[in-house]
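Worksheet for the structure shown next.
Just so it is clear, none of the values below were taken in a lab; they were calculated from the coordinates. Keep in mind the model is a prediction, meaning the values are calculated, not measured. Positions of Cβ are generated from backbone atoms using ideal geometry, with glycine treated the same way; all protein chains shown enter the neighbour counts.
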Amino acid sequence: MNTPNTHTTQKGEFSARVAQHDTFGYDIFSIHIELVGPAFATFKQAKPGQFVQLACRDISNYHCPTPLLRRPFSIAGVNIISEESLLIEVIYHVVGPGTKWLQDQKVGNKINLIGPLGNNFKLPENQDSQIFLIGGGVGLPPMFFLADQLVNYGHNQIIAIAGARSSKYLENAIENHLIPIQNPLEANLYLKQFSRSNTKCIIATDDGSLGFHGNVVQALDAYLSKNPCNNQAQIFCCGPHGMLKSIALFAQSRHIECQVCMEAYMACGIGLCQSCAVPVQTSSNTDEWQYKLVCTNGPVFNSKMILWDKIEI
Amino acid sequence: MDRNNREIKQKYLSEPDLSVTLKNVRLPNPVMTASGTSGYTFELRDLVQLDQLGGFITKSITLEPRKGNPPQRTFETPAGMLNSIGLANVGLEVFCEEKIPLLQRFSIPVFVNVAGKTIDEYVAVSQRLMSFSHISGLEINISCPNVKEGGITFGTDPKSVFDLVHAVRQSCPDILLIIKLTPNVTDITVTARAAIDAGADVLSMVNTFLGMAINIHTRKPVLGARTGGLSGPAIKPMALYLVSRVYQEVAREANIPIIGMGGISSAQDAIEFILAGATAVSVGTQVLIHPGCLTQIIQGIKNYLTEYKIPSIRDITGSLE
């Protein structure tokens, strides 16, 4: 048609079949949805950091359009199962009517989705870089997918830190409860979704019910004082704004490069409605800033570019 | 073979005519995007066959770039959505440099939505835009509820509506002028009449209804700008009523076409607006959710006309009994 010729389709609106639905933790579930045909071709290209917009209702029911808007979810993994079919994993916390609807979906049900959306994490060029993947709560899913990709690309110095308010939010994903009480900072294969890429992780809980007693920044700080890293380190993280801000400030104080995957209240997820604005510095002068969109300019940003003080936390 | 050809020809001839005209601009069908919900140009190209639409209306352009309002900018309500984006846009210069060359690639009519703080700003933006021959018309947003000076203050006072439309009309005598009305008035026929008297060619109606939501835990408004505009299926009956009233009391007699909008999600909704008096319709919030709805609505209208053996969409415009 009359669109610019260079354009290739990077996203689409598809119907997908629920292939598997598991419990991840208390009120947190992991859903695997199967994409075939054109959806397979599109999603084969999906990268860590990207997300999908799920319609948490029957999209063709005009009489009861509730919840009206789609809900954005990070892609937690892409598993190619044949030459024409793949599964994407989405992990969600039941917090409202949209996620409640998702929870009710059985294997075989259809879900309408748009994706893959947004930008992606930029991998370190040096394979020996010490990499920290930090996820808090349902900020973990993009870290699972990123671990898969990093390992595929030959990175081997990866430590993940999985933060949760309490052990119950991770309990069904934990494979190995034998975290040494004397040394909770010893990374190991504790979480199923990290173990598939052989990524060792540290678990940190706010209430100390499992692993390190404290938040992810405290865990990282404690880990680094025990294991000073000589190589260039890089942090990749996702979670609530307060957590990301703390990690960003910590990273800056240690001169560690840090990429954050931001959450935001979205309506469309495709750059139309301008809902998911975050203040981003546009030059070295912090007075020069713009709102950027989490959905299309992000969700991944260099942590130094975000004006954290302008974000209500 | 001959018989086949005959059948094809017959089928072709019996295909209903969906085209409509807004004064001198012909739309291949009555379904357009609504300003602020479909981007500047080709943002939707992966998800919608844009060349199948009746027309494309861009988001609002102001003279200077605007950052927009502080988040939170949208909030879901039952069957609706509050927004207070605050006309965030790249500004006229960047729009002309970066977006207009892309707009040239549309094969369907393109309309640019114009907003401003002062009459001079509206005039300056409109004058610049009318110099681009592939822009089929300007939709003047006198009804944005989300910036202090940005439109609604013009849009609620009939005298201001007249002065603003008159000034733009005088400076842009030839381009199609669509005036987008706010529903946040006591009597919309008064502002509609003022716009027509001042030289409006087409009325777009309606913009969003003012609303708010409160977080009872923080006791603060949910939206960063405190209030916002309500859109989506929740407002459809109210928008439909206003279109019907303006059509019957003002627009029909003045022979001014209406672009109807407000919560349109399906072909059924679109047909209701057309029966009520809209020549064309715009789809907004539903595009944010289900972009594919645009072409489904066009197909649905076609099916409706076929089912009732109505040769042209124009036969049913305003045919509400």
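In table form, for the structure just shown:
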read-out	value
Max mean-square fluctuation residue, GNM over chain B, Cα-Cα springs under 10 Å, options B:Pro78, B:Pro311, B:Pro233	B:Pro78
Long-range amide H partners of B:Phe209 with built H, under 5 Å	B:Leu230
Estimated vicinal HN-Hα couplings, Hz - the range B:251-264 in sequence order (Karplus 6.51, -1.76, 1.60; Gly, Pro = x)	6, 4, 5, 7, 6, 10, x, 10, 9, x, 7, x, x, 6
Nitroxide proxy distance, nm - points 7 Å out along Cα→Cβ at A:Ile181 and A:Gln218	1.8
Residues with amide H under 5 Å from that of A:Gly25, placed H, sequence gap 5 or more	A:Asn172
Percent RCO, i.e. relative contact order, over chain B, from Cα pairs under 8 Å lying at least 6 residues apart	21
Those GluC sites (Glu not before Pro) in the range A:79-121 that DSSP places in a loop and that have at most 14 other beta carbons within 10 Å	A:Glu83, A:Glu84
FRET efficiency, B:Asp315 to A:Gln10 (Cβ-Cβ, R0 41 Å, nearest 0.05)	0.50
Loop-located trypsin sites (Lys or Arg not before Pro) in the range B:255-321, at most 13 other Cβ atoms within 10 Å (DSSP)	B:Lys309
Relative contact order (percent, whole number), the range B:245-321, Cα cutoff 8 Å, 6+ residue spacing	33
DSSP-assigned coil residues among chymotrypsin sites (Phe, Trp or Tyr not before Pro) in the range A:173-248, each with at most 10 further Cβ atoms within 10 Å	none
Residue mean of other protein chain beta carbons inside 10 Å, B:72-83	5
Close Lys-Lys pairs in the range A:1-140, where close means Cα under 21 Å and separation is 8 or more or interchain	8
For chain A, average projected area of the Cα convex hull in nm²	17.6
Karplus-derived 3J(HN,Hα), 6.51/-1.76/1.60, for each residue of the range A:82-94, Hz, glycine and proline x	7, 6, 9, 8, 9, 10, 10, 9, 10, 10, 9, 9, 6
Principal axis dimensions, largest first and in whole angstrom, of the range A:133-292 by Cα	48, 35, 34
Gain upon complete extension [A:Leu249, A:Asn61; 0.36 nm per residue less C-alpha separation]	63.1 nm
Within the range A:52-72, backbone nitrogen closer than 16 Å to the virtual label 7 Å beyond the Cα of B:Ala213 toward Cβ	A:56, A:65-72
Rounded if a/c under 1.5, otherwise prolate or oblate - the range A:1-102, Cα gyration tensor axes	oblate
Extent along principal axes [Cα atoms of the range B:108-223; Å; largest to smallest]	53, 28, 27
Of A:Lys192/A:Lys304; B:Lys180/B:Lys236; A:Lys292/B:Lys236; B:Lys59/B:Lys302, those spanning more than 20 Å from alpha-carbon to alpha-carbon	A:Lys192/A:Lys304; A:Lys292/B:Lys236; B:Lys59/B:Lys302
Gain on full stretching of the segment that runs from A:Ile81 to A:Glu312 - 0.36 nm per residue minus C-alpha separation	78.9 nm
Within the protein assembly as shown, helix-based [θ] at 222 nm, where runs of 4 or more DSSP H residues each add -39,500 (n - 2.57), nearest 500	-7000 deg cm²/dmol
Label point distance in nm, B:Thr118-B:Glu307, each placed 7 Å from Cα along Cα→Cβ	5.4
Hull volume in cubic angstrom per residue (convex hull over the Cα atoms of the protein assembly as shown)	169
For the range A:212-313, with +1 on Lys and Arg beta carbons and -1 on Asp and Glu, the positive-most of A:Ser284, A:Leu220, A:Met243 along the dipole	A:Leu220
Percent RCO, i.e. relative contact order, over chain A, from Cα pairs under 8 Å lying at least 6 residues apart	16
Net lengthening on full extension, B:Gln170/B:Asp17 (0.36 nm per residue, minus Cα-Cα)	51.6 nm
FRET E, pair A:Ala41, B:Val94, Förster distance 45 Å, beta-carbon r, rounded to 0.05	0.85
A:Leu191 long-range amide H proximity, modeled H, under 5 Å	A:Glu175, A:Cys201
